[in-house]
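Student: Before I ask anything, here is the structure I am working with.
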Amino acid sequence: METIKEGSRRILCPDASALADRAVELIQACATQAVHDRGQFVFALAGGSTPEATYRRLAMPKNSSAIDWLNTFLFFGDERFVPADDPRSNFAMVQRTLLTPLPIREEHVFPVPTDRATAADAAKAYADQLVRFFANDIRHSPPRFDLVLLGIGDDGHTASLFPGTPALDVVDAWVTWSAPGRLPPPVERVTLTFPVLNAARNVLFLVSGESKADAVYDVLEGNVACRERPAAGVRPKDGVLTWLLDASAASRLTGSV
Ligand code: 6PG
């Protein structure tokens, strides 16, 4: 079921498996449109556990064949400040679930450089990477991803923008760092900032499970402030915002989803 409410599209799926299938379709559609319009698909991946099922499906030949990987460029919406081979690393998760089986060239994948001395250094280096990739376009305005994939934490965080943290207020940088959030893993983070998330052509939230129902309600119907539920701060200016929810995550929503 699909509805539009207050500028954001909501798609309800019966369960996590159906959500992953639908997510693949949405990603494929974004990729096709981006390559048609601009000759490339620039995609910021989400971390955490929810996207794993989507990435595994996307890597299957029957699905991956629909994407022009030669003109696809993968970035990360956020990263834990741990080594790239640490099991807590989002890059390690994406490598395991998506990259290994794919015909994508290494130079088309841009992990956050977590080998830097500090999370702040890694954030600066990643911002420099964005400037190099997006070239002159972004000296005065944020880089425009074709698709940013996001999740939401039980506390309403998204990417690594945690409630009540200074990262929420960063508007003069495209990447920043954050102290560990309340939710595991308790490590420093590197994250894209709101200006970048809200410059995207498409933002897709993947949300599954009862544990997210309160945060989803607060953001979509509870009008809770961004400071308390940072996912509420994701409002793409000229982009399409899609909330892909399974029935459990949407269980507290009162309006027609
Ligand atoms: C991370 C993610 C984070 C994630 C949410 C939801 O690094 O953990 O980027 O923002 O999307 O915490 O995580 P789950 O999908 O594991 O519930």
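Student: May I ask for the distance between the Cα centers of segment 185-221 and segment 1-33, given as a whole number of Å?
Tutor: 15 Å
Student: Taking the C-alpha atoms of the chain, how large are the radius of gyration and the largest Cα-Cα span, Dmax, in Å?
Tutor: For the chain, the Cα radius of gyration and maximum Cα-Cα distance read 16.8, 48 Å.
Student: Can you give the net charge of the other residues whose Cβ lies under 12 Å from the Cβ of L70, counting K and R as +1 and D and E as -1?
Tutor: Net charge in that neighbourhood comes out at -1.
Student: Please compute the per residue accessible area over segment 41-178 with all protein chains in place, 1.4 Å probe, rounded to a whole number of Å². Write down the numbers at each step before the final one.
Tutor: Working: 5840 Å² over 138 residues.
With all protein chains present, segment 41-178 gives 42 Å² per residue.
Student: How large, in percent, is the carbon and sulfur part of the accessible surface of segment 124-197 at a probe radius of 1.4 Å?
Tutor: 56 percent
Student: Still on this structure, please answer the following. So what is the relative contact order of the chain, in percent, for Cα pairs below 8 Å that sit 6 or more residues apart?
Tutor: On the way: 539 pairs, mean separation 61.0, N = 257.
After rounding, I find 24 percent.
Student: Another question, then. At 222 nm, what value in deg cm²/dmol follows for the chain if DSSP H runs of at least 4 each add -39500 (n - 2.57) and the sum is divided by all its residues, to the nearest 500?
Tutor: Taking each H run of at least 4 residues, the total per residue is -7500 deg cm²/dmol.
Student: Report relative contact order for segment 129-212 in percent, whole number only (criteria: Cα-Cα under 8 Å, sequence separation at least 6).
Tutor: 36 percent
Student: With only alpha-carbon atoms counted, please give the Rg and Dmax of segment 45-197, in Å.
Tutor: In order Rg, Dmax, the Cα atoms of segment 45-197 give 15.0, 43 Å.
Student: In Å and from the alpha-carbon atoms only, list the Rg and Dmax of segment 1-126.
Tutor: 15.6, 47
Student: Here's something else I'd like to know. To check you understand DSSP bridge types, tell me what percent of the beta bridges within the chain (both residues inside) are antiparallel, rounded to 5.
Tutor: Antiparallel bridges make up about 35 percent of those DSSP assigns within the chain.
Student: Same structure again: Residue separation times 0.36 nm, minus the C-alpha to C-alpha distance between S49 and T118: what's the value?
Tutor: 22.3 nm is the gain from fully extending S49 to T118.
Student: With +1 on each Lys and Arg Cβ and -1 on each Asp and Glu Cβ, and nothing else charged, work out how big the dipole of the chain is about its Cα centre, in Debye to the nearest 20.
Tutor: The dipole of the chain has a size of about 260 debye.
Student: If exposed GluC sites (Glu not before Pro) are those in a DSSP loop with at most 16 other Cβ within 10 Å, what is the longest stretch of the chain that has none?
Tutor: 7-220
Student: Order these peptides, 32-43, 151-162, 173-184, 241-252, by their mean beta-carbon neighbour count within 10 angstrom, highest first. Don't jump to the answer; show the numbers that get you there.
Tutor: Details: 32-43: 16.5, 151-162: 24.7, 173-184: 18.4, 241-252: 22.2.
The packing order, highest mean first, is 151-162, 241-252, 173-184, 32-43.
Student: Classify segment 75-129: rounded, prolate or oblate, from the alpha-carbon gyration tensor (a ≥ b ≥ c, eigenvalue square roots; a/c under 1.5 rounded; otherwise prolate if a/b is larger than b/c)?
Tutor: It comes out oblate by the Cα gyration axes.
The values are calculated or read from the model by the stated rules, or taken from the named source; none is laboratory data. None of these values were measured; they are calculated from a predicted model. Counting neighbours? That spans all protein chains shown, and the Cβs are built from the backbone with ideal geometry, glycine included. All accessible areas refer to the heavy atoms of the entire protein, side chains included, with ligands and DNA or RNA removed. Shrake-Rupley method; radii C 1.70, N 1.55, O 1.52, S 1.80 Å.
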